[in-house]
Every structure is written in structure tokens, then in C-alpha cells.
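J.: Quick one: this structure, given as C-alpha cells, is what I'll be asking you about.
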Amino acid sequence: MNSSRERNVLIATAALAIGVPTAAVAWVDHRTEQLADRLGSAAGVPARIGGVDADLTGTVRLRDVALGTLVEADSIEASVALESLLDGQLGADEIRVAGPRVSLEVDRSGDSDLARVVRKLAHRGGGATASTKGAHRVRRIVVSSGTLTAKIANVAEIAADGVELVPDETGVRVITGRLRVHGEAGGLRGDLELARSAAEVSLPHVHFGRVLAVGGTGSLYVAGEKAITLRDVALGRLASNGSLEVRAALEDGGVARELAVSIDPSFAVTLRGDRIPLRPFAPLAPKALLLDGGRASGELVVKRTGPALQLTVDGSVEGIHIEHKALAEQPIPVTAAVRGSLALSPEAIALDHASLDLGRAHWTANGWWRRGQPASGQVDLRLATAPCTDLLASLPAEVRGPLDGMAMTGNFGGHARLAIDLAAPDGQGVDLTADLANECTVTAEPPGADVTQLTGTLDQTFADGSHGKVGKTEASWYELRRLPGWVPLAFVSAEDGRFFDHHGFDLTQIGKSLEIDLRDRRIARGGSTISQQLIKNSFLTQRRTLDRKLQEAVLTWRLEQRLDKKQILERYLNIIELGPHVFGLRAAATHWFAVSPRELNIKQAAFLAAMTSEPESMSRRVRRAGGLDADSAARVDIILRAMRRDGVIDDEQLATARESGMHFAQTALRSE
């Protein structure tokens, strides 16, 4: 009886082992196209199954399998276990995939098109329930031949050998042998190879949990040239909601520089390093930034929130140079500590808690700028109080220029605030204020910064490059005391209405000039005082650069301390350009009107004062017109009204000047 029963069991087992998979395959093979359609409908993408094979060992093989363009494989084999067949199930213990290819498109949130397909399939399957918890599960999935490749967002490609996937209660554990990553973006190309890796992936959301990869080497290419070599690369994440940490050693002429990268779940990227060479990134930097000898240390965080990008930095740079015609004639070396946060969005730019340390100079800034029209913005700038000598020494020698060697005692610091709102009426669009704590005392001045030389006779380089002696001993000199009051004051009204009230700088005028430049979208006015113009023409070049403006500021401060206002104005009137190759008031009065300066009437004085801002173009207009042209006449009238505003002339003198003619010397009207 027992023998007969055992024989029946063996017969049934054999029938199941052979008949069940054979019948199942015959059924599936007959309906391959229908099965592909159903799979595609469930996944939401077109599916393809080229064919189905089976053998007597219980192995089912699907050939030429594809799920849209997301997943392709040469074949997928399922080994059906004997115990599964005896239980009446077709569950597979092991699945083997040959020649798999995966293409991923990952969005900013970290989600992907493949993850969405997996979730849809899981939803169609109903997910795990109490009734299915005990059901047969695949023990592992193995890439039996070929390399698992995946493309991510058309910027990176991953290839892995020896891949094994081990399903568990929540998803799948992925184990690989050699892992290769290749990526390209803009002018950057990177290659990374790791000896082995492992990761936990939860399903159906395809969320990566713990990750570990070690034994890596890599290279970064900039503009097609190999720029950086990495070794000892390791990456890992110890918690499913933690940051992905990458560690590597950067080769720097035989010295290993530690580099760390952290990517948190919100895709904020943090870079940390110490004395990382910047030369490899020179091809990507603006032309003005020279990085050949530069190094950077510290931390940089880049985070995107919607359309906004935020950069936070806490570090330092050394050995870089900035070369730009707006800054200086020579490249400026920069060694500085930088901290702060910069937020960039389509609507605005915001600078928060920014600081810059240049030697002993500690600058802090906060501000914002709204994009679009009308423009608006605000910036607060502070310089921490520090010894004057240390602050001057903080400037590179290329910036100090003639100030190099100046010795000082005392301290200096200050705060400036600039507010811009071009939606306001004309004249109210810019507000500039400053509060300075200047306790500097100069104890020694280098020859190139000794403003007391302006009280004597000097060799002057004029705006056209010509040279000439200027001073009280020269025949071209004309003393202020010999002039009628309206002559020097016409120049004050035209160029610097608050000349006798300020100490070398007029913030109100600077603000007005800046507003005009912003509204006209061009640099047309500088807002320089007569004192600043005298310094520029006597000690400095005509270049409009940052280094010259800094030198001008210090020398103007010294000028106002060492000379009185009358000395400054007198020197200014004797060097000012007032026509083609015409410098100084005496030469101008002779050239234009064939009179001495003391014989100039009010309108003639206004004409000469009007020329200070455009001596060449105004001269051309007058010569072409053979007299006072309409544009020049309008400019002269502006000066006359300014003279009346400042109390230089009265209403009667204004009316008389307006009605009087303008008779030029014939030699002045001849073409050059």
C-alpha cells in the first residue's frame, strides 16, 4: 500500500515538474503579443517580448524583452523551484538577466520615469497583503552576462559588472563588482571607477537607502584636457534619509589634497577641501579671473529651491589674480577669506551676511537687487575699525600706487548705505549716506603722494599728453585774487556747488550722478568734486579704474587737510582743460575771447565753466556753427541759472547775461 502511494506521488511530481511549466509556457508562448500588451498597459509604456522558451528543468526564458525605452534585456530567465511546482505555483527562486540596459530620467525632486513605472506596476498588483505575505518570493536576481548599464538624464552613464539583486521585505539589495561612472556637463567630463558597491533600494518607490562604494579612482577633464586625478575614492550613506558622502584624495604635484562632497536628500551639494588647486578650472573661469596659482580652502554649499539657486561659502582663496580694465592696469593679487550667502532667482539677487577679509580689512555687506525695470536695490557696507596703517597695507601694492610708503597712526572704520529706487521721481531715485570714523594721522608721505607740492611749481602732464610747468612763477599762472568773483564761482556752480562746504567728497552729488547713469544705462557722470578733479589731473592717470579711485580718495583727503579751499580752487583753474590743447584760465580767455581772465564777463565765464565737462565736443560744435550753437547755448544757460541759484549773480545780472551776445576770437573758430 505504502509502495503504491509513493509510486503515485512520484508520478504526480513528475507530471507537475514536466507538465505544468510546459503547459504554462505553451499558453504564454501562444499569447506572447497579448502578454506584452497587458504588461505595457499595466506599466503605462509600450512593452515587447520577442519570444518564450522553456525546458524540462523548470526554466522559463523570455527573449528580447523591453519596457518602453526604460528597460531592455537580451533575455530574462526564471528558475522555477520543484517545491513551487508541487505547491501549484510558478514562483521563481532565481531570475537571471542577460545584457540588461536601463535608461533613467531623474528630475530635480529625485524621482524618475522608471520609479513611476515600478509604482504603477505595484499598484496594479495590489501590493503586499496579509494573504500574500507567505507567498513565494524570489531569492535573488543575477546579471548572468553582460554589464548592467544605466543612463541618467543624458548627463551620466553608470556601468556595473557582477550585479546581484537580493529581494527582501521592503525592496531589494543591490551588490556589484566593478562600478564605472561617466558624466559630462558643459565643459566638464568626469570618469570614476569603484572596485565594489552595495545599495538598498526600497520598492515600489525606488528610493535608495544605505549606499556604500569603495576602492575608487577617477579623473576630471576640463575643456577636453585632463585636469584632476582622484584616488582613494569612497562614497556612502549610512541612513536612508541621510546625506550621500563622498571622500577622495586629489593629486597635487605629489601631495594628496583631501576633498569631500556631501549630497543631502534635498539635493543640496556641499564641497569641502583644503588648499585645493584652482588651476584645473581656469578654462571655465571668466577671463578676468586668473587661477593658475590659485588655491581654495573651506566649504561651498549649492542648493536649489524651485527656480532659486543659493550659494553659501565659508572659506578662503589665495594666489588668484583679477585682471580687468575697470579695476587696475595690472593684475591684482587676491588672498582673502570669504563668508556669506548669495541667493539668485529670476526676480532678485540677495546677499546675506557676506564678509570679506583682506589682511586686517574686515568688510561686511548685506543687500538685494530686484531684476527688471524699474531697477531697485539696497546695500549696506561696513568696514570694521582697524589701524590706518594696517588697512593701507591690506591693499595689494598694485592698488596702493603712489600711496605706497605712507605712514599713519590712528584708526579708521565706517558704514555706507546705498538705496536705489528708479520708480521714484527724478532726483529721488538714489539715496547714498556714509558715516566714517576717521582718526588717521599721516606721519610720513612718499613723494608721489605729497599734495603740498601743489603750492609750488611742478611739471604738469595735461589731458592730451603734453607737458608744461604750472606754478606761481610761470607766466601762464593767474592768481585767484585778480579775478572778478563770478569767474571762479561760475566753475564752482558748474562743477561743485557745495565746494566750500564739504571736505573733498559730496555724497549728494555722487548719488545724483549715479541716478542719472542708472536711468540712462551708461556711465556719463562721475560726481567728482573740484578737489578730486585736481588730484586726478595732478597726481594720477585719466584711467577710470577702481585702484585710481581709491588712490584719489586718500589723496583728496590729504589735499583738504593740507591746502585751503582758495589754494585748491586757484590750482584747479590753472590746469583745467578748456578747449583743444587749451589748459588753464589764462590760455582759455585768450583763445576764446582774446581777453585776460579778469576781463571775462558773466556769460563768457559761464561758457568756459560749461566746457569743463565736454571741452572737445563743445569746441567742435562751436567751430562748426561759427559761433554759439543751440546745444552749447543751452548748456551755458544751465550754468547761468546755477550761478543765480547759488547767489553768485542776481536776477538783473542773469537777465543781462542771457540777452547779451557771445563774440568769439576769430582764431578760436578756425578748424584745427
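The values are calculated or read from the model by the stated rules, or taken from the named source; none is laboratory data. Here the structure is a predicted model, which is why all the values come from computation and not from measurement. Neighbour counts run over all protein chains shown; Cβ positions are idealised from the backbone, glycine included.
J.: Name the residues in segment 397-418 that are at pLDDT below 95 and out of contact with any helix residue (DSSP H, G or I) (no Cβ under 9 Å at 6 or more places or on another chain), would you?
T.: 397
J.: Let me ask you something else. Filter segment 540-554 down to the residues that are among the polar types (S, T, N, Q) and either surrounded by fewer than 19 Cβ atoms within 10 Å (Cβ to Cβ) or outside any helix (DSSP H, G or I) (or both) and list them by number.
T.: Within segment 540-554, the first condition is being among the polar types (S, T, N, Q), and the residues that meet it are 541-542, 545, 551.
Residues satisfying the conditions are 541, 542, 545.
J.: I'd like the full set of residues that are within 16 Å of residue 373 (Cβ to Cβ) and in contact with a helix residue (DSSP H, G or I) (Cβ under 6 Å, 6 or more places away or on another chain), limited to segment 423-440.
T.: 429, 430 - these are the residues of segment 423-440 that are within 16 Å of residue 373 (Cβ to Cβ) and in contact with a helix residue (DSSP H, G or I) (Cβ under 6 Å, 6 or more places away or on another chain).
J.: Filter segment 506-521 down to the residues that are buried (at least 18 other Cβ atoms within 10 Å of the Cβ) and in contact (Cβ under 8 Å) with a residue 60 or more places away in the chain, then identify the one that is farthest from residue 424 (Cα to Cα).
T.: For segment 506-521, the residue satisfying everything is 510.
J.: Here's a follow-up. Show the residue pairs that are 6+ apart or on different chains and have beta-carbon atoms under 8 Å apart, the first residue being within segment 375-389 and in the same structural domain as residue 416 (by TED's automatic domain parsing), the second being among the basic types (Lys, Arg) and modelled with pLDDT of 95 or more.
T.: Filtered contacts from segment 375-389: 378/417; 379/417; 380/417; 381/417.
J.: Just wondering, is there one or more residues in segment 423-446 that are in contact with a Pro (Cβ under 6 Å, 6 or more places away or on another chain) and part of a loop (DSSP other than H, G, I, E, B)?
T.: Residues of segment 423-446 in contact with a Pro (Cβ under 6 Å, 6 or more places away or on another chain): 423.
Right, trim to part of a loop (DSSP other than H, G, I, E, B) and you get 423.
Yes, some residue in segment 423-446 is in contact with a Pro (Cβ under 6 Å, 6 or more places away or on another chain) and part of a loop (DSSP other than H, G, I, E, B).
J.: Shifting gears a bit: Being out of contact with any Pro (no Cβ under 9 Å at 6 or more places or on another chain) and without any contact (Cβ under 8 Å) to a residue 24 or more places away in the chain is the requirement here; does residue 214 meet it?
T.: Working: out of contact with any Pro (no Cβ under 9 Å at 6 or more places or on another chain): yes; without any contact (Cβ under 8 Å) to a residue 24 or more places away in the chain: yes.
Taking the combined requirement at face value, the residue satisfies it.
J.: Moving on to the next point. For segment 164-221, what are the residues that are among the β-branched types (Val, Ile, Thr) and either in the same structural domain as residue 97 (by TED's automatic domain parsing) or in contact with a strand residue (DSSP E or B) (Cβ under 6 Å, 6 or more places away or on another chain) (or both)? Steps first, please.
T.: Step one: filter segment 164-221 for residues among the β-branched types (Val, Ile, Thr), giving 166, 170, 172, 174-176, 181, 201, 206, 211, 214, 217.
Answer for segment 164-221, where residues must be among the β-branched types (Val, Ile, Thr) and either in the same structural domain as residue 97 (by TED's automatic domain parsing) or in contact with a strand residue (DSSP E or B) (Cβ under 6 Å, 6 or more places away or on another chain) (or both): 166, 170, 172, 174, 175, 176, 181, 201, 211, 214, 217.
J.: So, residue 400, is that one of a type in the set (Lys, Arg), touching a Leu at 6+ places or on another chain (Cβ under 8 Å), surrounded by 15 or more Cβ atoms within 10 Å (Cβ to Cβ) and not assigned by TED's automatic domain parsing to the domain that holds residue 568 or not?
T.: Details: of a type in the set (Lys, Arg): yes; touching a Leu at 6+ places or on another chain (Cβ under 8 Å): yes; surrounded by 15 or more Cβ atoms within 10 Å (Cβ to Cβ): yes; not assigned by TED's automatic domain parsing to the domain that holds residue 568: yes.
Answer is yes for this residue.
J.: Quickly run through segment 176-187 and pick out the residues that are surrounded by 16 or more Cβ atoms within 10 Å (Cβ to Cβ) and of a type in the set (A, V, I, L, M).
T.: The answer is 179, 181.
J.: Among (1) touching a strand residue (DSSP E or B) at 6+ places or on another chain (Cβ under 9 Å); (2) of a type outside the set (A, V, I, L, M, F, W, C); (3) within 21 Å of residue 192 (Cβ to Cβ), there is one condition residue 225 misses while meeting the rest; what is its number?
T.: The number of the failed condition is (1).
J.: Additional query: Please verify whether residue 535 is crowded, with 23+ Cβ neighbours inside 10 Å, closer than 20 Å to residue 642 by Cβ and in contact with a Ser or Thr (Cβ under 7 Å, 6 or more places away or on another chain), treating the condition exactly as stated.
T.: On the way: crowded, with 23+ Cβ neighbours inside 10 Å: yes; closer than 20 Å to residue 642 by Cβ: no; in contact with a Ser or Thr (Cβ under 7 Å, 6 or more places away or on another chain): yes.
In short, no.
J.: So, residue 404, is that one among the acidic types (Asp, Glu) and farther than 15 Å from residue 554 by Cβ or not? Show your work before the answer.
T.: Details: among the acidic types (Asp, Glu): yes; farther than 15 Å from residue 554 by Cβ: no.
Judged against the criteria, residue 404 is not a match.
J.: Let me ask you something else. From the list 282, 336, 296, which residue is outside the structural domain of residue 402 (by TED's automatic domain parsing), of a type outside the set (Ser, Thr, Tyr), surrounded by 15 or more Cβ atoms within 10 Å (Cβ to Cβ) and outside any strand (DSSP E or B)?
T.: Exactly one of 282, 336, 296 is outside the structural domain of residue 402 (by TED's automatic domain parsing), of a type outside the set (Ser, Thr, Tyr), surrounded by 15 or more Cβ atoms within 10 Å (Cβ to Cβ) and outside any strand (DSSP E or B), namely 282.
J.: Residues that are crowded, with 21+ Cβ neighbours inside 10 Å and among the small types (Gly, Ala, Ser): which helices (runs of 4 or more DSSP H) entirely in segment 555-640 hold 3 or more of them? Quick ask: steps written out before the conclusion?
T.: Numbers: elements: 565-573, 585-593, 602-610, 615-625.
Filter on segment 555-640 gives 602-610.
J.: Just need a number here: residues in segment 641-653 that are crowded, with 18+ Cβ neighbours inside 10 Å and over 13 Å from residue 494 (Cα atoms). So that I can check it myself, show each step before the final result.
T.: First, pick out the residues of segment 641-653 that are crowded, with 18+ Cβ neighbours inside 10 Å: 642-643, 648-649.
So of that shortlist, the ones also over 13 Å from residue 494 (Cα atoms) come out as 649.
Number satisfying all stated conditions: 1.
J.: Here's a follow-up. Output the number of residues of segment 463-475 satisfying the condition of being buried (at least 17 other Cβ atoms within 10 Å of the Cβ) and of a type outside the set (A, V, I, L, M).
T.: The first filter runs over segment 463-475 and keeps only residues buried (at least 17 other Cβ atoms within 10 Å of the Cβ), leaving 470-471.
Okay, now just the ones that are also of a type outside the set (A, V, I, L, M), so 471.
Going through segment 463-475 one residue at a time, the tally reaches 1.
J.: Mind checking which residues of segment 527-539 are assigned to a helix (DSSP H, G or I) and either touching a residue at least 60 places away in the same chain (Cβ under 8 Å) or small (Gly, Ala, Ser) (or both)? Talk me through it step by step, then tell me what you get.
T.: We begin by selecting, within segment 527-539, every residue assigned to a helix (DSSP H, G or I); these are 530-539.
Within segment 527-539, 531, 534, 535, 537, 538, 539 meet the criteria.
J.: Criterion first (touching a strand residue (DSSP E or B) at 6+ places or on another chain (Cβ under 6 Å) and not assigned by TED's automatic domain parsing to the domain that holds residue 391) does residue 559 satisfy it? If you could, list the steps in order and put the result at the bottom.
T.: Numbers: touching a strand residue (DSSP E or B) at 6+ places or on another chain (Cβ under 6 Å): no; not assigned by TED's automatic domain parsing to the domain that holds residue 391: yes.
Criteria not met by residue 559.
J.: I've got another one for you. For segment 23-71, enumerate the residues that are β-branched (Val, Ile, Thr), modelled with pLDDT of 70 or more and part of a helix (DSSP H, G or I).
T.: Correct list: 32 only.
J.: Among the residues of segment 596-606, is any aliphatic (A, V, I, L, M), touching an Asp or Glu at 6+ places or on another chain (Cβ under 9 Å) and under 22 Å from residue 530 (Cβ atoms)?
T.: Of all residues in segment 596-606, those aliphatic (A, V, I, L, M) come to 600, 602, 605-606.
Then keep just the ones that are touching an Asp or Glu at 6+ places or on another chain (Cβ under 9 Å); that gives 606.
Still in the running and under 22 Å from residue 530 (Cβ atoms): 606.
Yes, that holds for at least one residue.
J.: Go through 571, 548, 543 for me and flag whichever is over 30 Å from residue 424 (Cβ atoms) and either at pLDDT 95 or above or not assigned by TED's automatic domain parsing to the domain that holds residue 462 (or both). Steps first, answer last, please.
T.: Working: 548 fails: either at pLDDT 95 or above or not assigned by TED's automatic domain parsing to the domain that holds residue 462 (or both); 543 fails: either at pLDDT 95 or above or not assigned by TED's automatic domain parsing to the domain that holds residue 462 (or both).
It is 571.
J.: Of everything in segment 200-222, what is hydrophobic (A, V, I, L, M, F, W, C) and crowded, with 18+ Cβ neighbours inside 10 Å? Give them in sequence order.
T.: Residues of segment 200-222 that are hydrophobic (A, V, I, L, M, F, W, C), as a first pass: 201, 203, 206, 208, 211-214, 220, 222.
Across segment 200-222, the qualifying residues are 201, 206, 211, 213, 220, 222.
J.: Condition first: outside any strand (DSSP E or B) and within 23 Å of the chain's Cα centre (by Cα). Now tell me which residues in segment 375-422 satisfy that. Spell out the reasoning first.
T.: Filtering segment 375-422 for residues outside any strand (DSSP E or B) gives 375, 388-406, 410, 422.
Within segment 375-422, 375 is the sole residue that qualifies.
Every residue, every condition in (1) outside any loop (DSSP other than H, G, I, E, B); (2) more than 15 Å from the chain's Cα centre (by Cα); (3) closer than 30 Å to residue 548 by Cβ, yes or no:
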{"residue": "312", "(1), (2), (3)": "yes, no, no"}
{"residue": "329", "(1), (2), (3)": "no, yes, yes"}
{"residue": "341", "(1), (2), (3)": "yes, no, no"}
{"residue": "349", "(1), (2), (3)": "yes, no, yes"}
{"residue": "362", "(1), (2), (3)": "yes, yes, yes"}
